[in-house]
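J.: Submitted below is the structure of interest, expressed as structure tokens.
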Ligand code: UNU
Ligand code: FES
Ligand code: FE
């Protein structure tokens, strides 16, 4: 048995990572306890008192808009005996009252009232010392709000690193996007990393796993059905970054997984906006706007731009994941196109989407097989394109040159391994100093 969980030099990972409860416990500490985790989007909590309840690792958190417009997040647990404070998924409230004994908190987390506190605590209860447990850091980019439990983590902007350059055209320079909520939620019997790694860099499975979706729909990807053709040279790229986030680019594929007349309308909309953006941001990044990006913000937040999917893979246990699915749509789309797009996203990658269900079988089988006493000790392979990883003069990050390859898998697990083998962010950062060389030097 190879003793390492992650073998960076050869692009391999131990299968056990997809099913071990011991590894899962470590992840809650070293991955989810340290990294920036997606919470919600500005557009879903626009006003003072608006809140959502979501998850950070195995914890529930309340994310709440403050009077001054800032955002705070708190563990959704009462400071008295730990009951769940807010049982709702979203709403607007001045504060939160615990159902157990009635302790009441403001939307800023302050403990405001305790039934009979003067009489029952002899005046000894210090309310200031019993505010809700607050998430250490909150930040956002282009309206996407993230939280982090570790005060020592780098800023969200540093954390995103090289992937920002690719996200900006679609998520910001396009006029911006919004998320349509509330998110669809469902449980899958899979480890949270199986969909995260798939979205970070698997264009390989599209023609094969999604054969039925490609044949029954009429999307621009349909010629790939049954692996009848390989995307041609120059059809795309893969990218990875220091902190494990990565993505795949499929050039000019703006219509994504959408089919029929909608695909044509989308192509026209994307082309027209690209023409305008060329003047504002240059041809290179205007093209990125109109290109399909599949990606994961490390550790568990994935998206397909253009196709309109935005996901958080919320870990429940080593072999159970709660999938949160939002629709991501450009703000300035005409309302009838936006509505048709939204319905199409639900049909393709919603809870019962016909693309989504193709994927879940694979996620669940990888997880199930990782429980085998012999199988779990074996190493998985993410070596595709390993000799081609390089630095590009224009494109940020470590870049793999073709549409299909596993460059961003290797970057994702390189960082994952550093987190799991370190005791602090300082140690993680030191290990990642020469991250590009580590990836470029890797070989089978
Ligand atoms: O399912 C995916 N991860 C995907 C779908 C990737 C690229 C294009 C379409
Ligand atoms: Fe990829 Fe079997 S061919 S998991
Ligand atoms: Fe897929």
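The values are calculated or read from the model by the stated rules, or taken from the named source; none is laboratory data. Because the structure is predicted, anything quoted here is derived from the model rather than measured. Note that we place each Cβ from the backbone using ideal geometry, even for glycine, and neighbour counts take in every protein chain shown.
J.: If you go through region 217-230 one residue at a time, do you hit one that is more than 9 Å from ligand 1 (Cβ to nearest atom), within 29 Å of residue 164 (Cα to Cα), in contact (Cβ under 8 Å) with a residue 12 or more places away in the chain and out of contact with any helix residue (DSSP H, G or I) (no Cβ under 7 Å at 6 or more places or on another chain)?
T.: For region 217-230, residues more than 9 Å from ligand 1 (Cβ to nearest atom), within 29 Å of residue 164 (Cα to Cα), in contact (Cβ under 8 Å) with a residue 12 or more places away in the chain and out of contact with any helix residue (DSSP H, G or I) (no Cβ under 7 Å at 6 or more places or on another chain): present.
J.: What residue, among those in region 194-239 that are surrounded by fewer than 16 Cβ atoms within 10 Å (Cβ to Cβ) and assigned to a helix (DSSP H, G or I), is nearest to ligand 3 (Cβ to nearest atom)? Lay out the reasoning, then the answer.
T.: Kept after step one, since they are surrounded by fewer than 16 Cβ atoms within 10 Å (Cβ to Cβ), are these residues of region 194-239: 205, 208, 212, 215-216, 218, 223, 226-230, 232-234.
In the following step, the residues that additionally are assigned to a helix (DSSP H, G or I) were identified as 208, 212, 215-216, 223, 226-227.
Working: 208: 10, 212: 12, 215: 15, 216: 15, 223: 17, 226: 15, 227: 14 Å.
Only one residue tops the list, namely 208.
J.: Let me ask something else about it. Does residue 427 satisfy being part of a helix (DSSP H, G or I) and more than 30 Å from residue 151 (Cα to Cα)?
T.: Judged against the criteria, residue 427 is not a match.
J.: May I pose another question? Could we say that residue 191 is part of a helix (DSSP H, G or I) and within 16 Å of ligand 2 (Cβ to nearest atom) here? Spell out the reasoning first.
T.: On the way: part of a helix (DSSP H, G or I): no; within 16 Å of ligand 2 (Cβ to nearest atom): yes.
Spelling it out, it is not the case that residue 191 is part of a helix (DSSP H, G or I) and within 16 Å of ligand 2 (Cβ to nearest atom).
The rows are residues; the columns are (1) modelled with pLDDT of 95 or more; (2) under 24 Å from residue 323 (Cβ atoms); (3) more than 16 Å from ligand 2 (Cβ to nearest atom); (4) in contact with a strand residue (DSSP E or B) (Cβ under 9 Å, 6 or more places away or on another chain).
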{"site": "203", "(1), (2), (3), (4)": "yes, yes, no, yes"}
{"site": "207", "(1), (2), (3), (4)": "yes, yes, no, no"}
{"site": "214", "(1), (2), (3), (4)": "yes, yes, yes, no"}
{"site": "219", "(1), (2), (3), (4)": "yes, yes, yes, no"}
{"site": "225", "(1), (2), (3), (4)": "yes, no, yes, no"}
{"site": "231", "(1), (2), (3), (4)": "yes, no, yes, yes"}
{"site": "235", "(1), (2), (3), (4)": "yes, no, yes, yes"}
{"site": "244", "(1), (2), (3), (4)": "yes, yes, yes, yes"}
{"site": "254", "(1), (2), (3), (4)": "yes, no, yes, yes"}
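J.: Let me ask you something else. Which of the residues belonging to region 331-383 are assigned to a loop (DSSP other than H, G, I, E, B), over 24 Å from residue 202 (Cα atoms) and within 23 Å of the chain's Cα centre (by Cα)? Write out each step before concluding.
T.: Keep residues of region 331-383 that are assigned to a loop (DSSP other than H, G, I, E, B), which gives 331-334, 350-355, 370-374, 378, 382-383.
Now restrict to residues that are over 24 Å from residue 202 (Cα atoms): 331-334, 372-374.
If the condition is that a residue be assigned to a loop (DSSP other than H, G, I, E, B), over 24 Å from residue 202 (Cα atoms) and within 23 Å of the chain's Cα centre (by Cα), then 331 is the only one that fits.
J.: Can you name the number of the only condition in (1) buried (at least 16 other Cβ atoms within 10 Å of the Cβ); (2) within 16 Å of ligand 1 (Cβ to nearest atom); (3) farther than 29 Å from residue 288 by Cα that residue 408 fails?
T.: Every listed condition holds for residue 408 apart from (3).
J.: Which condition breaks for residue 185 when tested against (1) away from ligand 3 (no atom under 16 Å from the Cβ); (2) in a loop (DSSP other than H, G, I, E, B)?
T.: Exception for residue 185: condition (2).
J.: OK, next. Could we say that residue 395 is away from ligand 1 (no atom under 16 Å from the Cβ), surrounded by 14 or more Cβ atoms within 10 Å (Cβ to Cβ) and assigned to a loop (DSSP other than H, G, I, E, B) here? If you could, list the steps in order and put the result at the bottom.
T.: On the way: away from ligand 1 (no atom under 16 Å from the Cβ): yes; surrounded by 14 or more Cβ atoms within 10 Å (Cβ to Cβ): yes; assigned to a loop (DSSP other than H, G, I, E, B): yes.
When the stated conditions are applied, residue 395 passes them.
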